[in-house]
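Okay, structure first, notes after.
All of the numbers you see were taken from the coordinates with simple rules; none came from a lab. What you see is a predicted model, and the numbers here were worked out from it, not measured in a lab. Don't worry about glycine lacking a Cβ; one is built from the backbone with ideal geometry, like all the others, and counts go over all protein chains shown.
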Amino acid sequence: MKHFLIAFLAFKITASAADDVLGTGTLEARVKTQVSARIQERLVEVLVDQGDAVKKGQLLAKLDDAELRQQAAIAQASFAAAKQTAQRVEADLARSQAVLEQARKDAKRLAGLLASNAVSQTDSDKAAEALKVAEADLKRSNAAIAEAQGLVLVAEKTMLHRQEQLAFTQITAPYDGLIIRRDREPGEMLVPGATLMELISLDELWIRAWVDETEMPKLAPGQKARVVFRSEPQKNYPGVVSRLGREMDRETREFLVDVRVDQLPVNWAVGQRAEVYIQIDNAKP
């Protein structure tokens with residue numbers, strides 16, 4: 001009887017395992033970012049190391065900002081000076097408009113007096129000439145205000161660009177996550193795109209498992225799975241199928257199945273190998 005029970009249990013375990021779809025893959029993060037420099041500058045400080053958890057907006061590294069800080073200050077001063085010049089030109093324009101208005105009144109009044117011989121032709125001609133001068137001054141003032149406003153826009157754009165470049169010397173975390181690799185040390189000269197470190201989000205980690213194409217009809221998102229890491233072959237971790245790949249490897253005839261893992265070993269690393277056993281009797285309809 002004892003031998004029969006053992007044989008029966010062995011049969012049940014074997015049958016259950018046979019109903020599972022096997023896949024082999026590696027542990028990966030759904031969201032992964034290469035944290036890199038956006039400007040060419042020297043790295044002066046790295047504030048985190050691999051294995052550190054970080055928060056969104058946390059300062060990760062600093063680049064040399066001495067020259068950029070000076071350039072930003074100069075650009076800000078130039079912008080302030082351009083605005084002051086524009087304000088003076090606007091005041092000149094207002095005065096030119098007032099002078100023109102008065103010149104028009106004077107010319108009109110003297111023209112009427114000339115018709116009644118109350119003033120001389122010379123006085124009337126002087127008023128007309130003053131009107132022409134006032135009109136020319138207003139035209140110059142309008143041109144000056146347009147030029148001054150253009151200089152303000154240029155100075156503002158330059159200032160904002162310098163401020164943006166200065167901000168790029170502070171490298172921050174784009175989201176909450178974990179630093180899994182650090183590539184640079186203080187003193188190195190960085191160029192745009194040079195990777196400092198790699199950051200992953202811990203919101204969703206999964207096994208990217210390769211599964212034979214013959215198993216494709218059996219699989220669907222939502223199926224439960226067992227995950228066995230090769231570092232702990234004696235232990236199972238629960239998982240769920242998140243998505244199925246839509247491209248087949250043309251040589252191995254396998255496709256990717258992403259199995260989310262909600263619990264990990266105490267010691268784990270992105271890229272470590274694991275097997276997944278997907279249960280095919282609980283697919284979502």
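Tell me which GluC sites (Glu not before Pro) from the stretch 222-262 have a DSSP coil assignment and no more than 15 other beta carbons within 10 Å of their own.
Sparse-neighbourhood loop GluC sites (Glu not before Pro): Glu251.
Provide the packing ranking of 68-76, 47-55, 230-238, 201-209, i.e. peptides ordered by the mean count of other C-beta atoms within 10 Å per residue, highest first.
201-209, 68-76, 47-55, 230-238
Glu232: net charge of surrounding residues, Cβ under 13 Å, Lys/Arg +1, Asp/Glu -1, itself excluded?
Neighbour charge sum, excluding Glu232 itself: +3.
Would you compute, for the Cα atoms of the stretch 130-257, the largest minus smallest coordinate along each principal axis and list the three values in descending order, in whole Å?
101, 42, 29
Between Tyr175 and Glu45, how high is the FRET efficiency from 1/(1 + (r/R0)^6) when r is the Cβ-Cβ distance and R₀ = 22 Å? Nearest 0.05.
On the way: r = 22 Å, r/R0 = 0.98.
Using R0 = 22 Å, I get an efficiency of 0.55.
When all C-alpha to C-alpha distances in the stretch 214-285 are sorted into bins of 5 Å, what percent of pairs does each bin hold, rounded to whole numbers?
Percent of pairs per bin, in order: 3, 15, 26, 22, 18, 12, 4, 0.
Suppose R0 equals 35 Å. What FRET efficiency, 1/(1 + (r/R0)^6) with r the Cβ-Cβ distance, do Leu160 and Ala53 give to the nearest 0.05?
0.55
Mind listing P(r) for the stretch 18-109? All alpha-carbon pairs, 5 Å bins, whole percents.
2, 8, 9, 9, 8, 7, 7, 6, 6, 6, 5, 5, 4, 4, 4, 2, 2, 1, 1, 1, 0, 0, 0
For Ala91 and Lys126, FRET efficiency with R0 = 30 Å and r from the beta-carbon atoms, rounded to 0.05?
0.65
Using 7 Å Cα-to-Cβ label points, what is the Met189/Met248 separation (nm, one decimal)?
5.2 nm
In nm, to one decimal, how far is the Ala73 label point from the Thr33 one, both placed 7 Å along Cα→Cβ?
3.1 nm
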